[in-house]
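These notes concern the structure reproduced below.
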Amino acid sequence: MLQFMREGLSGRNGQYFVIVAAVMLVAPLIFWKLDLPFAANAMLLCLMFSIMAMAWNLLEGYTGQLSFGHAVFFGVGAYTTMILMLYYGVTPWVGVFVGGLVAALVGLALGVPLFRLRSHWFALATIAVGEIFKLIFISWDYVGGSAGLQSPIVPEEQKLYYLQYAGSYVYIYLALGLLGLELLVLYPLVKSRIGYYLQAIREDEDAAMSLGINPFKYKMVAMFFSALFTGIGGGIYTVRFRFVDPFAVFDLISVSVYITIAGILGGIYSFIGPIVGSFVFVPISEYVRVYIVSRFPRFYGLHVFVLGVILLAISLLAPEGIMGWLEKRGYLMKGRETGEVRKE
Amino acid sequence: MIGLDYVANAVVSGILIGSVYSLVGMGLALIWGIMDVINFAQGDYMMLGAFVTYWAFTLAGVDPLLSVPLSFLVTFALGVLTQRVVIERVLDAPMVSQITATFAVLLMIRYGAEAAFGPYTKRIYVPYADVIYRFGTVSLQLPRLIAFSVSLGVAVAFYVFLKTTYTGVALRAVSQNRMAAYLMGINVRKMYWIAFGIGVGISAVGGTLVATFLPIHPEMGGFYALIAFIVVVFGGFGSVFGAYISGIIIGVTESVSALFISPSLKDVVAFLLFIAIILVKPTGLFGTEQR
């Protein structure tokens, strides 16, 4: 792993990485000093969606399995963290990871039937799975039914144990740490033999199979890590907002499609593309939602309309995403894992 | 124990609501079959049909039945526009671009409508809304009966259109072999406009029919789009008439399963059925082998 870090941090891209990391570490302090809660919250959401969009991209960008069902893993992660905290008093320091693991197990269980499907059939089935989970959680009383679950405010001395702080400032560091963890896990993974197997499956599943790669096995590996980190993203949601309900966490548009847009906007054939996409897309969405829609509540829905315009523009004008576009123009050193936009 | 009369009632009401599902599914199947594009925004064109009807009724007092052609024409025009501006440009693009492009259209229509009309549930009170006929233990609501008749009429008219007119034959030719049709002098591009226009127009008629007996709101399309996918998958890839039959089967399945399990879980049954079908026979009940 150290070797990968040394390799990844050398060269110009490595310098960019160090600078960006430093800015990210200092930014919450600046937001806190200047009292900018909106900026801090937007940054937290950017990081949360970065974590999930990168995880999603392991399935789409690397393995070629377009999922519209990542809300399932997000929701399972969020609910697991909440239930452990609320019913069993387990600290979210542990609960977030347990949530990720439970989501990963759900992912493996879903992978067994879903990976028998290809291309758009897979995408359609993931939408249906998302709806099934939403409907089941709505009518499941143990998890609070349609009302959802809310964690109570805890006394001062338990704040660290229950990770309860005002505003988003502290949570940004939590999300940064988890994003760092994700980079440490996924970067060696995609640089390893498995990463190349996944790309071979993406390019041509039959050809990969004829070379002795078992597509199902490696799709399951991708699914495991994808669901794991998406579930961890759900855990961050729980500790920050202290409230989960099926309509919010299993939502097709505001979870699954948000992740998809962030990933595609950044560029699915780039390792860090989804992070770039999240940091471009989430602030726009948050700004329109908080400033424009709250000023003109009559036009509720406008923020999602704007997302539609963004998504349409990328789909038609730059299907390779921001990173792919920058690379094509020669503004970035070409990453080894990126290639031409694949034909079907 | 659930009595037989309940089951009979559920079957009948399933057939009636299923005929609306059929229309949405037929539109999706037409576009899918001819262009090999999955229109994720299908349910939202249906919602537009419902809202055209609502506004025609509220502002001008037009009876929903008279606004069937109106909602067809409005969404037909929008469909042709969508085809020209969006779909044409992603026809040969990778699958992910096609999906995200139609998804973008979905977001723009659904939330554009929400911003324009407000997120509230609306309802049309037609004068004949409460007329109920009883046949033994089975009771029929007049608006649902009308919806079924209109839906059947539209399906028959569409069948005749595809079989007898030049445009219909050309559409079928394009769906079978784009290049051969082009070489025979068929304007493929224009056929695609027509296919997308008719596809979303038929679904909009479904929206109009639903508006006479169910409340409507800008996000209603999401549910019907999922149902439409189930209908198409069940009826067979690109099979327009399979879609009609399977719409009714889905409607009946849904309303009968609501008798035996909690009504809030009745849609779970439909979605599980959907996944089961694509796993077992992705070509559907009435479809032919593809690829």
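Could you list, in sequence order, all residues of segment A:230-249 that are of a type in the set (A, V, I, L, M) and either more than 14 Å from A:Leu179 (Cβ to Cβ) or outside any helix (DSSP H, G or I) (or both)?
A:Val239, A:Val244, A:Ala248, A:Val249
Suppose we filter B:Gly247, B:Gly206, B:Gly199, B:Gly235 for residues that are more than 15 Å from B:Ile34 (Cβ to Cβ), surrounded by 19 or more Cβ atoms within 10 Å (Cβ to Cβ), in contact with a Leu (Cβ under 6 Å, 6 or more places away or on another chain) and more than 14 Å from chain A (Cβ to nearest Cβ); which single one remains?
B:Gly206
For B:Leu78, are the conditions met, namely being surrounded by 15 or more Cβ atoms within 10 Å (Cβ to Cβ) and not in a helix (DSSP H, G or I)?
Criteria not met by B:Leu78.
Okay, residues lined up against (1) farther than 19 Å from A:Leu198 by Cα; (2) crowded, with 24+ Cβ neighbours inside 10 Å:
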position: A:Gly75; (1), (2): yes, yes
position: A:Thr81; (1), (2): yes, yes
position: A:Thr91; (1), (2): yes, no
position: A:Ala103; (1), (2): yes, yes
position: A:Phe115; (1), (2): no, no
position: A:Ser119; (1), (2): no, no
position: A:Gly130; (1), (2): yes, yes
position: A:Tyr142; (1), (2): yes, no
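Using the structure shown, decide if A:Leu110 is more than 15 Å from A:Val221 (Cα to Cα) and among the hydrophobic types (A, V, I, L, M, F, W, C).
Considered against the rule, which asks whether it is more than 15 Å from A:Val221 (Cα to Cα) and among the hydrophobic types (A, V, I, L, M, F, W, C), A:Leu110 comes out as no.
Here's the yes/no breakdown for (1) farther than 24 Å from A:Phe216 by Cα; (2) out of contact with any helix residue (DSSP H, G or I) (no Cβ under 6 Å at 6 or more places or on another chain); (3) open to solvent by less than 10 Å² (accessible area, probe 1.4 Å):
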position	(1), (2), (3)
A:Leu25	yes, yes, no
A:Asn41	yes, yes, no
A:Ile51	yes, no, yes
A:Ser67	no, no, yes
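If you go through segment A:277-293 one residue at a time, do you hit one that is at pLDDT 90 or above, small (Gly, Ala, Ser) and either surrounded by 24 or more Cβ atoms within 10 Å (Cβ to Cβ) or assigned to a helix (DSSP H, G or I) (or both)?
yes
Quick check on segment A:316-338: of everything there that is open to solvent by 40 Å² or more (accessible area, probe 1.4 Å) and within 13 Å of chain B (Cβ to nearest Cβ), which residue is modelled with the highest pLDDT?
A:Leu317
Can you list residue pairs whose Cβ atoms sit under 6 Å apart, with the first residue in segment A:101-119 being closer than 27 Å to B:Ala93 by Cβ and the second being of a type in the set (Lys, Arg) and in a helix (DSSP H, G or I)? Count only pairs 6 or more apart in sequence or on different chains.
As it stands, the answer is A:Phe115/A:Lys219, since those pairs meet every condition given.
Working only within segment A:266-318, note down all residues that are of a type in the set (Ser, Thr, Tyr) and within 14 Å of the chain's Cα centre (by Cα).
A:Ser278
Within the bounds of segment A:108-119, is there any residue that is within 7 Å of chain B (Cβ to nearest Cβ) and within 22 Å of the chain's Cα centre (by Cα)?
Yes, segment A:108-119 has at least one match.
Only one of (1) modelled with pLDDT of 85 or more; (2) not in a helix (DSSP H, G or I) fails for A:Arg342. Which number is that?
A:Arg342 satisfies every listed condition except (1).
So, B:Thr137, is that one touching a helix residue (DSSP H, G or I) at 6+ places or on another chain (Cβ under 8 Å), open to solvent by 60 Å² or more (accessible area, probe 1.4 Å) and either modelled with pLDDT under 90 or not polar (S, T, N, Q) (or both) or not?
Here the answer is yes, as B:Thr137 does meet what is asked.
The values are calculated or read from the model by the stated rules, or taken from the named source; none is laboratory data. Fair warning: this is a prediction, and the values are worked out from it, not measured in the lab. In this analysis, Cβ positions are derived from the backbone assuming ideal geometry, glycine residues included, and neighbour counts consider all displayed protein chains. Protein only, heavy atoms only, side chains kept; ligands, DNA and RNA dropped before computing areas. Shrake-Rupley method; radii C 1.70, N 1.55, O 1.52, S 1.80 Å.
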